[in-house]
1. Scanning segment 25-70 for residues that are β-branched (Val, Ile, Thr) and crowded, with 16+ Cβ neighbours inside 10 Å, which turns out nearest to Val490 (Cα to Cα)?
2. Among the residues of segment 289-308, is any in contact with a strand residue (DSSP E or B) (Cβ under 7 Å, 6 or more places away or on another chain), free of Cβ contacts under 8 Å to residues at least 12 places away in the same chain and not β-branched (Val, Ile, Thr)?
3. Give the number of residues within segment 228-264 that are within 25 Å of Trp34 (Cα to Cα), out of contact with any helix residue (DSSP H, G or I) (no Cβ under 7 Å at 6 or more places or on another chain) and among the basic types (Lys, Arg).
4. Of the numbered conditions (1) buried (at least 24 other Cβ atoms within 10 Å of the Cβ); (2) out of contact with any Pro (no Cβ under 8 Å at 6 or more places or on another chain); (3) not basic (Lys, Arg), Glu130 fails exactly one; give the number of that condition.
5. Hey, can you tell me all the residues within segment 297-313 that are surrounded by fewer than 22 Cβ atoms within 10 Å (Cβ to Cβ) and part of a loop (DSSP other than H, G, I, E, B)?
6. Please go through segment 139-159 and give me each residue that is of a type outside the set (S, T, N, Q) and not in a loop (DSSP other than H, G, I, E, B), ordered by number.
7. If I ask for residues that are farther than 17 Å from Ser54 by Cα and among the β-branched types (Val, Ile, Thr), which ones from segment 329-348 would you list?
8. Provide a single number: the residues in segment 295-326 that are among the hydrophobic types (A, V, I, L, M, F, W, C) and over 16 Å from the mean Cα position of the chain (by Cα).
Amino acid sequence: MKRIVATIGVLALLVFSVSCSKDVERAYWPTDEWQRATPESVGFSSEKLLAAISSRNFDAIGLHSLLVIKNGSVILEAYRYPYGPETLHNVNSVTKSFISTLYGIALDHKKVKNVSSRVLDYFPEYKAAETDGRKLAMTVEDVLTMRTGQNWNEETTSNMDNSFEQMLASDNWLDFILGTPMMMEPGFAFNYNTGASHIISAIIQKTTGGTETFAREYLFDPLGIRKYAWKNDPQGIPAGGYGLSLRARDLAKLGFLYLNGGMWDGKRIVSEKWTEQATAIQADASASFNPGWNYGYQWWLDPEGMGYSAHGYGGQYLYVFPETDLIIVTNSNLDYRKLRDFYTMIARDIPQSMISTEPLPENEPAAKALRDACAVLSLPPEEEMHTLPSRINDSGLAAEFEMNDSGICSVRFARSPEGTLHLELVYCGEGLPEVTVPLEAGCDNRYRMNNVFFPGSHFQFDDKPSLVACRVIDSGESHVAVEIIPVGVVAGPFVVNTRFDGSDATLTYTDRATRRGNTVSGTIR
């Protein structure tokens, strides 16, 4: 990855040296809708863009959406079925860049103090009981730059040792975060810490009357971000480090705000000083899981200083290249074994498709081929009818299973009047309430969309259901396999394959993204 980023920075420096985009007069603002342009009209080659996306397999990478915006105009927009322009997608840690922006806005409105203010001054109930002078000295800037000095471990894969997972399992996230012991002086070293971002949300919540209310009034509404979801902690504080879900088009608006120095359609949203400080090097993060990168106020900066970006787990990215007035947005459930392919496309092939700082002659055949390639990605697969086992009739067929890692303790199948498969997954576990998830699955190789609540997921939007796509992908007289995709969530696809043999049943539950699964035995009832 380091080599790829270095390549991009050098190329950008040598080839695309243009004026900073915040000095450009905008003819329009994408509050309601992004305008579109042909790649050639803004110096891009349609042929090169087509080669960039055609040489990579969206499904193999796990890419759900790709958006490229040049000079404020969309020149490429692609979604992989069943995703689309209206899909709300988890942006995970990209939320951090939004929460940093909100602190800057709150500072402009004198709702909060400057970044040198001490964190525990906002929380006197914690300050009174704190005895460690290092924690008492921790500032907002230490939190924004993830140099809290806390003994926080977010890079381990063990849930028992992972501080982020422990925070999620706690009854009070802020208690857990502020109760985490110190390891060193604050401000000394970068250590990735999603809890730190949640502290910022808690400060905004306390000083403005509500993080989400404040965001809606001062950021979302002015930018035209009207459709979103935001995960709350048990105390109702919006998650500061991972909880937002947005449309790809709306995610790009944050990048456009920063490209324009905090201005939006003649209105100051956040100070230009904040946009500069937030995207300037504030911490050396080169020893983190992003080797060679630096960190600002909840923004990542590439080693060559040619751009900044917001990164979210699973391949949620907002890349901003100020020198070329370029924004690239992705949503994914990234297969990290394909990480090099992903970065090569996003960080090398697409930026290198810009071959001029001036408009090029139009190339309609190539532009049409690019549009067609994007359109094909959004098409459903060819219809293919799957015949259900004769044992699955209108009255249904049910099977019970022993306790297993999937949490599915029983399954019920029935034919619906619409010709789909009605599937009920019953989740249960020791000490947990039983939860039934009803789903409709297409038998024609096409997804049916379901609004359901999935148990036990910290990506669930609290009181809001998740959109889940289901289809039968294989069937025979003795088995039926259903593919399940939680749309907009970095999880799955999952396959539930149930086999019937007399009064016995076997369920195989597979996560296609990780290729992990387990098989359990049960009985038909």
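Every number here is computed from the coordinates shown, using simple stated rules; none is lab data. From a predicted model like this one, the values you see are computed outputs, not experimental measurements. Cβ atoms come from the backbone with ideal geometry, glycine included; neighbour counts cover every protein chain shown.
1. Step by step, filter segment 25-70, then rank; the result is Ile61.
2. No, every residue in segment 289-308 fails to be in contact with a strand residue (DSSP E or B) (Cβ under 7 Å, 6 or more places away or on another chain), free of Cβ contacts under 8 Å to residues at least 12 places away in the same chain and not β-branched (Val, Ile, Thr).
3. Qualifying residue count for the region: 2.
4. Answer for Glu130: the failing condition is (1).
5. Across segment 297-313, the qualifying residues are Pro303, Glu304, Gly305, Met306, Tyr313.
6. First pass over segment 139-159, keeping only residues of a type outside the set (S, T, N, Q): 140-144, 146-147, 149, 152, 154-155.
Result: Val140, Glu141, Asp142, Val143, Leu144.
7. Val329
8. 5
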